[in-house]
Amino acid sequence: MNVSSSGIVNGRILPQYGKRGTQFNENGIPTFSLPFRVDGAPEGTASLAIVLEDKDAYPVTGGFVWIHWLAADIRRFELRDNESQTATDFVQGRNSWTSIQGGRQSPELSAYYGGMTPPDKPHLYELHIYAVDRVLGLPQGFLLNELYRAMDGHILAECTLKGVYEAC
């Protein structure tokens, strides 16, 4: 299974997908989501799930990885620009903007893509794509641990796409 994104060029995430973009929610969080395409998903794939995370946030947050986007029950192999805000055919989980460090944004606003805003230096972001043998049936606003529990024993393949987003 291979994953590609027109939003990541030469290992760099394009500016529009984070704090240097132009689309933000009412709290100033970037909302213009990364596109991606999956090729060669294994036979038996019923849906895809994604986790977009920033492990470089660990020292900034005081001890946890920052989750920027969770989605499940994606039944197609391509998402286009900004589909976190426009698509209705998959569910999305809560990102870390709902945390104390994220300003306690509401769970409703946090159940979408919350783009990159590295505060200290360029950060490396990882988009994990999971091919799953069933539709998970999670509710909108699910949590990361709920996603992993639902996928346990049902992951057919996994692929990670990485990109750096500049701090300024």
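The values are calculated or read from the model by the stated rules, or taken from the named source; none is laboratory data. Not measured: the values here are computed from a predicted model. Here the Cβ positions follow ideal geometry from the backbone for every residue, glycine too, while neighbour counts run over all protein chains shown. Please note that ligands, DNA and RNA were not included when accessible areas were found on the heavy atoms of the full protein model with its side chains. Shrake-Rupley method; radii C 1.70, N 1.55, O 1.52, S 1.80 Å.
Before we move on, is LEU127 of a type outside the set (Lys, Arg), within 21 Å of GLN16 (Cα to Cα), under 16 Å from the mean Cα position of the chain (by Cα) and open to solvent by less than 60 Å² (accessible area, probe 1.4 Å)? Criteria met by LEU127. With respect to the conditions (1) over 19 Å from PRO30 (Cα atoms); (2) touching a helix residue (DSSP H, G or I) at 6+ places or on another chain (Cβ under 7 Å); (3) buried (at least 22 other Cβ atoms within 10 Å of the Cβ), SER110 lacks only one, and its number is (1).
Close contacts from segment 109-120, counting a first residue that is part of a helix (DSSP H, G or I) and a second that is open to solvent by 10 Å² or more (accessible area, probe 1.4 Å), with Cβ to Cβ under 6 Å and a gap of 6+ residues or different chains, come to LEU109/ASN25; SER110/ARG94; SER110/TRP97; SER110/THR98. Is it the case that segment 25-40 has a residue that's more than 16 Å from the chain's Cα centre (by Cα), loosely packed, with under 15 Cβ neighbours inside 10 Å and under 19 Å from ILE129 (Cα atoms)? Checked segment 25-40: at least one residue is more than 16 Å from the chain's Cα centre (by Cα), loosely packed, with under 15 Cβ neighbours inside 10 Å and under 19 Å from ILE129 (Cα atoms). Out of segment 138-168, which residues are open to solvent by less than 70 Å² (accessible area, probe 1.4 Å) and out of contact with any strand residue (DSSP E or B) (no Cβ under 7 Å at 6 or more places or on another chain)? Across segment 138-168, the qualifying residues are ALA150, GLU166, ALA167.
Considering only residues that are touching a residue at least 40 places away in the same chain (Cβ under 8 Å), of a type outside the set (Asp, Glu) and assigned to a loop (DSSP other than H, G, I, E, B), which ones fall in segment 129-167? Of everything in segment 129-167, those that are touching a residue at least 40 places away in the same chain (Cβ under 8 Å), of a type outside the set (Asp, Glu) and assigned to a loop (DSSP other than H, G, I, E, B) turn out to be ARG134, VAL135, LEU136, GLY137, LEU138, PRO139, GLN140, GLY141, PHE142, LEU143, ALA167.
When restricted to residues that are part of a loop (DSSP other than H, G, I, E, B), open to solvent by less than 70 Å² (accessible area, probe 1.4 Å) and out of contact with any helix residue (DSSP H, G or I) (no Cβ under 8 Å at 6 or more places or on another chain), segment 4-22 contains 3. When every residue of segment 67-80 is checked against the conditions, at least one turns out to be assigned to a loop (DSSP other than H, G, I, E, B), more than 13 Å from ILE129 (Cα to Cα) and of a type outside the set (Ser, Thr, Tyr).
Here's a check for you: in segment 53-65, which residue that is within 20 Å of GLY141 (Cα to Cα) and touching an Asp or Glu at 6+ places or on another chain (Cβ under 7 Å) is least open to solvent (accessible area, probe 1.4 Å)? Walk me through how you get there before you give the answer.
So in segment 53-65, the residues within 20 Å of GLY141 (Cα to Cα) come out as 53-54, 64-65.
The next check asks that each one be touching an Asp or Glu at 6+ places or on another chain (Cβ under 7 Å); those that pass are 53, 65.
Working: GLU53: 23, VAL65: 44 Å².
Restricting to residues being within 20 Å of GLY141 (Cα to Cα) and touching an Asp or Glu at 6+ places or on another chain (Cβ under 7 Å), the top hit is GLU53.
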